[in-house]
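This report concerns only the one structure given below.
Read-outs throughout are calculated quantities, based only on the coordinates presented, and are distinct from any laboratory measurement. Only a predicted model underlies this, so the values are computations on that prediction, with no experimental measurement involved. Note: ideal-geometry Cβ built from the backbone for every residue, glycine included; neighbour counts use all protein chains shown.
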Amino acid sequence: MTQSANRNRVLSGMQPTNTLHLGNYLGALKNWVRMQDAMECLYCVVDMHAITQDVGYAHAESLTAATRGVTAAYIAAGIDPKKSPIFNQSQVPEHAELAWIFNCVARVGWLDRMTQFKEKSGKHKERASVGLYTYPVLMAADILVYKATHVPVGEDQKQHLELARDIAQKFNNDFSVPDFFPLPEPVITGPATRVMSLRDGTKKMSKSDESDFSRINLTDDADTIAQKIRKARTDPAPLPTSKKEMEGRPEAENLINIFAGLSGHSIEQVMADYGGQSFSAFKNALSELAVATLSPLAAEMRRLTGDPAEIDNILRAGAEKARAIAGPIVAEVKRNVGFVA
């Protein structure tokens, strides 16, 4: 697999977790599937990032299962591993090799400005791992080890992508290799890229929310999906008929966005079809749509996770394809840096 001058390359990935939810599907997976036909894509399960906060025996056992579970979700959602390599980050050592070189290119002041470290480390940042602090540098290596030109990112990752661009530019300048690394661009996706909690429309849908009713998990069965949508928070007014009517109504906006994301219709079309109706009627339609879309995905995930050997073979094959791209790039980086082979 080689990079064409006329073909963009995408790298994206998710941390392995056993609680992938509707936000992950609409905000990432659905768009990744669509991108396969437009760009050269590589999809990574970022297990190295997953140990920046939790380490130890108990976490190791769950990490293995979660890595397979996320791989199953990728495939069940429609990513074709024959077309787009799927691999876990730790099987491609070039990620770590390039991250060390980038640690020496990046500046401490740049990392000090990363807001996600401040949020995740809390009041006791001296207890946080060094890995959590340098997480954005590894993310830059994840992208640039393949000379990826585009990266699908959410709001919380935009700052990290900017850092990747800064590191790429500084490497190119420091080692007098203009345009060696591309400056990766964010991929702008469609509706429902930011799915909010079913219990609070002002908060992002999250696996860390204490209430399971705040999210629809990709492994939920049909009855659970329907129940969660029925219990989703709304307001007393009918469904809005225009974006102006939707202002200040975060729960209504969230449910309409979810319907648009699942159906492929525009937000305007959803409001034209359902605006002015009661939320109970709309929730029934949304439940049917969500069940029809997600139930086959959950069934395929169960089938795949029931055969770990199949998933492991897919990950190994994907890692071989990824290394075929990353290896020559890192070899050239080493020559530029002055390392003797």
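Taking 27 Å as the limit for the C-alpha separation, the pairs K30/K147; K158/K207; K82/K120 exceed it in the case of K82/K120. Relative to the dominant Cα principal axis of the chain, helix 308-337 is inclined by about 40°.
Here the calculated FRET efficiency for E247 and A309, from their Cβ-Cβ distance with R0 = 51 Å, stands at 0.45, rounded to the nearest 0.05. Computed on segment 212-302, with alpha-carbon pairs under 8 angstrom and 6+ residues apart, the relative contact order is 40 percent. Taken along its principal axes, the alpha carbon cloud of the chain reaches lengths of 70, 46, 43 Å, longest axis first.
Here each label is just a point 7 Å from Cα along the line to Cβ, and for D166 and Q227 those points are 4.8 nm apart. Rounded to the nearest 10 degrees, the angle from helix 158-174 to the longest Cα principal axis of the chain is 20 degrees.
Say the dipole of segment 212-302 comes from +1 at the beta carbon of Lys and Arg and -1 at that of Asp and Glu; which of T234, G264, Q277 then lies farthest toward its positive end? Selected residue: T234. Loop-located GluC sites (Glu not before Pro) in segment 210-259 (DSSP state not H, G, I, E or B) with no more than 14 neighbouring Cβ atoms inside 10 Å: E210, E247. Taking 0.36 nm per residue of separation and subtracting the Cα-Cα distance, full extension of the segment from A58 to S278 would add 74.5 nm.
Counting only DSSP beta bridges with both residues in the chain, the antiparallel share comes to about 15 percent.
At q = 0.19, 0.26 Å⁻¹ the log10 of I(q)/I(0) for segment 278-341 amounts to -0.82, -1.01, computed by Debye summation with a single uniform scatterer per C-alpha, solvent ignored. The magnitude of the dipole of the chain, with charges of +1 and -1 set on the Cβ of Lys/Arg and Asp/Glu and taken from the Cα centre, is near 340 debye. Distance between the pseudo-spin-label points of E185 and E288 (7 Å out from Cα toward the beta carbon): 4.1 nm. Over segment 212-302, the hull volume per residue, using the convex hull of the C-alpha atoms, is 83 Å³. Centre-to-centre, using Cα atoms only, segment 112-127 and segment 55-82 are separated by 27 Å.
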